[in-house]
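The values are calculated or read from the model by the stated rules, or taken from the named source; none is laboratory data. All values reported here derive from a predicted model rather than from experimental measurement. Keep in mind that these areas ignore ligands, DNA and RNA; they rest on the heavy atoms of the full protein, side chains included. Shrake-Rupley method; radii C 1.70, N 1.55, O 1.52, S 1.80 Å.
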Amino acid sequence: QRLKAAVHYTVGCLCQDVAENKEVQFSKQTIAAIAEITFRQCGTEGYFLILCRHAKRSTVTTEDVKLLARRSNSLLKYITQKSDELISSNMEQKEKKKKKSSAAKGGRTSGEQVIATESEDSNMA
């Protein structure tokens, strides 16, 4: 009950901020309805996280979040877009690390290192 009251209070504060910025008014019934929907939605998501724990999973993946957001097309689209951006950013960082590690090895590419190793081996024979 205290949690529900906290959600109602927070929603009320957010509605008040929006009302000031957008110069609109929210009725008490509207704030109560938004708070109830928010509380129920949090309950659904909490249940989802409990199911992940029950399945002996300690990590919630991007696909899990997309599954949870499937009811809202705009939210799902946004999450998918951000996920794709993160994936491409991570790929770029990995490419940069590979290039830096190659440069740190004396500026030789891996192909040059293989050729040098083979010629050194033939000199030893």
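Looking at region 52-106, which of its residues are at pLDDT 85 or above, hydrophobic (A, V, I, L, M, F, W, C) and open to solvent by less than 70 Å² (accessible area, probe 1.4 Å)?
LEU76, ILE79
For every residue, the table says whether it meets (1) outside any helix (DSSP H, G or I); (2) β-branched (Val, Ile, Thr); (3) more than 29 Å from ASP64 (Cα to Cα); (4) modelled with pLDDT under 90.
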{"position": "ALA6", "(1), (2), (3), (4)": "no, no, no, yes"}
{"position": "TYR9", "(1), (2), (3), (4)": "no, no, yes, no"}
{"position": "GLY12", "(1), (2), (3), (4)": "no, no, yes, no"}
{"position": "CYS15", "(1), (2), (3), (4)": "no, no, yes, no"}
{"position": "VAL24", "(1), (2), (3), (4)": "yes, yes, yes, no"}
{"position": "GLN29", "(1), (2), (3), (4)": "no, no, yes, no"}
{"position": "ALA32", "(1), (2), (3), (4)": "no, no, yes, no"}
{"position": "ILE37", "(1), (2), (3), (4)": "no, yes, no, yes"}
{"position": "GLU45", "(1), (2), (3), (4)": "no, no, no, yes"}
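Could you please find all residues in region 11-41 being open to solvent by 70 Å² or more (accessible area, probe 1.4 Å) and among the charged types (D, E, K, R)?
Listed by number, the residues that qualify are ASP17, GLU20, LYS22, GLU23, LYS28, ARG40.
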